[in-house]
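This report concerns only the one structure given below.
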């Protein structure tokens, strides 16, 4: 049965119509027709819509986020929802490679993503990057194959079928394996003003029908965040003479009403809400998912262009964080510890240095962690794109970050596929040799699932925010993905107020020193050499465990002379070698990487 899709004016007031807002992001390569699609769908336009930025008009491209909307009556199959109308707010994102930071900010406020593809060109560079953004930020994707009017009618159906199959093969490698594809012509013939004699859009009603099928899931996500603290992502700010300053944006969580006190955490200011409007219609309150303008008084609009509005005291400012970390598989470069990245959180992008670490088996487990174990842990410690708790026991205490647990420091962040490929190339024998060498060194292989990010300047955002780390210094003309890894903030750290916030993390590297037995004193004691320099303070190593190349275990019993030699005592005895063979000694210990000042060694 066809769903009614008549787009009607939005007339929400409290006590009149109850409106469910669904935010739909329009993303894709430059010149794929995103703004034309927004124009074809929309009936209401905000102060920032359809390339109203002066330079957008001058240059003929989208430079900033654009917001517009249309509404539709609640269809029969959704009458169980407590709403009278469905409002779709369209977030028109730029397509140029240099504006990807703006795209990342816009993508984090959407419920559904429409990926616009020029049906005549298929997947292009920014199409692919937008697809990666979609995988990270949303579970709902519609592919819009635009500009079908440019295909001759005689071959149109065949060309659309071939492009559908081609795109389907591309999406098989993503989480959107079964995504729907809708052919449209948002602006037939390239008409500038379709109301002045231009042909009407093609396929738009069918597209709205497909959007309607996503409404119930958007409502479910809204319900999960309804009780959270109020959080409002501001994307534009401007003054109205005699009224105050208007902040326009999207409610990410919680509720707010006219007269409530809100905080602008970046400015450390608290203000009272004077009034609210949704697409030029007054309302008395807002909730998660709503797009609105909020008027407050006595605020200099020059102080804030983008940022957050929140319940007082609910959003911290910090300069470092512990985060979950997952490498984006399309990023082909190395992601290494101590490398610097552009980290985007909401509308802010800040440079940060990253260091990675991973889970290790619990004491006494008797086995090393596999890549499969690590993937499960990564899923468990992450939150889903709606911000709700992940399934499968993710809230259990053992899977949260803790200062009490030990982690293995990792020099690189890898995907599970990269690890498996490396093992396959080494072959069974090579992999076994590597595992044996690690075991001899007392080492535990680890798959990085966590990172410490230290920011160049403080950022202000909720502690569970989604972030995306990128390398925007890459050549934008290269056909390559610049998005490196992503995750969620697990612990915000203010290193000025708590300078030991990073030092307390028990991420270790395995260290090994080697020496030899110079002579056997008796059946339980030996004198060793070659492990320390003569100036080494051997008191630091007293009592530490040493093993021979035969596995005999002893302990350092102090120094011997002044040349760096040392005594080792074996409580179970140690056997001399025949024929003068050399007995090798190994001292293995952990050193906590982030505790730069301490020289503590742990066995």
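Considering only residues of the stretch 447-476 that are surrounded by fewer than 21 Cβ atoms within 10 Å (Cβ to Cβ) and in contact with a helix residue (DSSP H, G or I) (Cβ under 8 Å, 6 or more places away or on another chain), which is modelled with the lowest pLDDT? My answer is 476. So, in the stretch 576-603, of the ones that are free of Cβ contacts under 8 Å to residues at least 24 places away in the same chain and over 50 Å from the mean Cα position of the chain (by Cα), which residue ends up nearest to residue 523 (Cα to Cα)? Looking at residues that are free of Cβ contacts under 8 Å to residues at least 24 places away in the same chain and over 50 Å from the mean Cα position of the chain (by Cα), I get 577. Scanning the stretch 293-313 for residues that are surrounded by fewer than 18 Cβ atoms within 10 Å (Cβ to Cβ) and over 11 Å from residue 238 (Cα atoms) yields 297, 298, 312, 313.
Out of all the residues in the stretch 342-353, is one or more within 16 Å of residue 410 (Cα to Cα), crowded, with 20+ Cβ neighbours inside 10 Å and either touching a strand residue (DSSP E or B) at 6+ places or on another chain (Cβ under 7 Å) or assigned by TED's automatic domain parsing to the domain that holds residue 288 (or both)?
Going residue by residue through the stretch 342-353, those that are within 16 Å of residue 410 (Cα to Cα) are 353.
Now restrict to residues that are crowded, with 20+ Cβ neighbours inside 10 Å: none.
So far as the stretch 342-353 goes, no, none of its residues is within 16 Å of residue 410 (Cα to Cα), crowded, with 20+ Cβ neighbours inside 10 Å and either touching a strand residue (DSSP E or B) at 6+ places or on another chain (Cβ under 7 Å) or assigned by TED's automatic domain parsing to the domain that holds residue 288 (or both).
In the stretch 271-293 there is at least one residue matching the filter, namely being touching a helix residue (DSSP H, G or I) at 6+ places or on another chain (Cβ under 6 Å) and farther than 30 Å from residue 415 by Cα.
The values are calculated or read from the model by the stated rules, or taken from the named source; none is laboratory data. Note that the structure is a prediction, hence the values are computed from the model and not measured. Quick reminder, even Gly has a Cβ in these numbers, built from the backbone with ideal geometry, and neighbours come from all protein chains shown.
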